[in-house]
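Novice: Got a structure for you, questions after.
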Amino acid sequence: MNPIIAFIKLIRLPNLIIIVLTQYAIRWGIIYPIIFNFSGGQDIPNVGLKMTEIHFFLLSLSTTMIAAAGYIINDYFDVKVDRVNRPDKIVVGKYIKRRVAMGAHIVINTIAILIGAYLAYTLGNWKLVFIQILSAGALWYYSTMFKKQVIIGNVVVALLAALVPFVAGLYEIVLQHAAVDDTVNALLFRLEEYTPFEEVEFALVATLKIIMYWVLAFSFFAFISSMVREIIKDIEDYDGDKKYASNTLSVVYGKAKAKIIAQGLGLVMIAMIGYLQYLQMSENPGGEDAELVKAQTRALITVMYLLFTVQIPLIYVVYKLKLANLKIDYHKLSISMKFIMIAGVGYTLLFYYLIIKL
């Protein structure tokens, strides 16, 4: 195999692309439409997104580099297990030397953390750099320790998956709060004379809270869907994990109990989305007002989208888990969960349309 192709395979390029798209989806599909709607459907100077495109690009680059380094170090320590679980996908030690893989891990992580430090310094909040440092550290300890412990490894991966959309929202919200006064002053020029500063400030802060709620919702979706997928992958990798004493959920408690836990989490996802759908529909009762009709339409489209792209596929996964016995069965369900996660991120495109275009 060509070394370049082998390296692309090692860093899981498709997964990195999904990370980039997720962060940009949060930026342009959730944050921008809400701010645009708050500013009366117009782009007002000093009112829109506060993070520049180059800074957001660097944030996304740093995130993907840390993920890539995590994939490298995971495969570095997993060579023996992968010889049993997925011998056809081994790269480290076969196409790329182990010392080269370790060197690439160190270099990529170092660059990612330096980018994070630069962003923290530029944005005036040095605490932000700890996100990159802790993420890189968590991935190292996941590969060396956590993944061999019951549930802990799954939780760490799920938390890091949740961090992808959360970070995209966090940086922007931090900057928005730091520039509240400037934003309010810019808005006051467009509003009626003598509009109270405090009134606009209150509305802006409330809008930023709404943005954070949406970001947290996507982060929680990423967390719980990753948990389901990681447990399914553990069941798929049962043979190699058992042979090399990895104390995963399926090894310690058996495949049957691991399946039940994954099914339970899947049902929790379905129920929570259903509850949110109920709240959204109940907040928009019948009426003839044009804005009310528009709100009802948005709610109905959202309900239908989530029903057919997330909830029904989740019901399928929960059902098929009960019947699954072979390694290929679990592999297919793992892929199904990935598509469900992508569909969840895809809702941002619909959200943009519903807010901006409808």
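One line per residue, one yes/no per condition, for (1) among the hydrophobic types (A, V, I, L, M, F, W, C); (2) modelled with pLDDT of 95 or more:
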residue: Leu134; (1), (2): yes, yes
residue: Leu139; (1), (2): yes, yes
residue: Lys148; (1), (2): no, no
residue: Gln176; (1), (2): no, yes
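Novice: Identify all residues within segment 72-87 that are within 18 Å of Ser246 (Cβ to Cβ), at pLDDT 85 or above and assigned to a helix (DSSP H, G or I); write none if there are none.
Specialist: Passing the criteria: Ile73, Asn74, Asp75, Tyr76, Phe77.
Novice: Right, another one. State whether the residues of segment 7-15 include one that is of a type in the set (D, E, K, R), in a loop (DSSP other than H, G, I, E, B) and in contact (Cβ under 8 Å) with a residue 40 or more places away in the chain.
Specialist: yes
Novice: If you go through segment 300-327 one residue at a time, how many are at pLDDT below 95 and closer than 24 Å to Asn15 by Cα?
Specialist: Total satisfying the criteria: 1.
Novice: Would you kindly identify the helices (runs of 4 or more DSSP H) lying entirely within segment 148-249 that contain at least 1 residues that are among the hydrophobic types (A, V, I, L, M, F, W, C) and under 30 Å from Gly70 (Cβ atoms)?
Specialist: 152-178, 197-236
Novice: Are any residues in segment 88-114 within 18 Å of Leu139 (Cα to Cα), β-branched (Val, Ile, Thr) and either assigned to a helix (DSSP H, G or I) or at pLDDT below 90 (or both), and if so, which ones?
Specialist: Those that are within 18 Å of Leu139 (Cα to Cα), β-branched (Val, Ile, Thr) and either assigned to a helix (DSSP H, G or I) or at pLDDT below 90 (or both): Ile106, Val107, Ile108, Thr110, Ile111, Ile113.
Novice: Test each condition in (1) exposed (fewer than 15 other Cβ atoms within 10 Å of the Cβ); (2) within 22 Å of Asn85 (Cα to Cα) for Ile231 and report the one that comes out false.
Specialist: The failed condition is (1).
Novice: Check whether at least one residue in segment 58-76 is hydrophobic (A, V, I, L, M, F, W, C) and free of Cβ contacts under 8 Å to residues at least 40 places away in the same chain, and report yes or no.
Specialist: no
Novice: So if I check each of Ala256, Ala262, Ala245, which one is farther than 27 Å from Tyr352 by Cβ and crowded, with 17+ Cβ neighbours inside 10 Å?
Specialist: Ala262
Novice: Ok, one more. Between residues in segment 96-115 that are within 16 Å of Val129 (Cβ to Cβ) and residues that are among the hydroxyl-bearing types (Ser, Thr, Tyr) and surrounded by 13 or more Cβ atoms within 10 Å (Cβ to Cβ), which pairs lie under 9 Å by C-beta distance while being six or more apart or on different chains?
Specialist: Pairs that qualify, where the first residue is within 16 Å of Val129 (Cβ to Cβ) and the partner is among the hydroxyl-bearing types (Ser, Thr, Tyr) and surrounded by 13 or more Cβ atoms within 10 Å (Cβ to Cβ), are Ile111/Ser62; Ala112/Ser62; Ala112/Thr63; Ala112/Thr64; Ala112/Ser135; Ile113/Ser62; Leu114/Ser62; Ile115/Ser62.
The values are calculated or read from the model by the stated rules, or taken from the named source; none is laboratory data. Everything quoted here is computed from the prediction, not taken from an experiment. Counting neighbours? That spans all protein chains shown, and the Cβs are built from the backbone with ideal geometry, glycine included.
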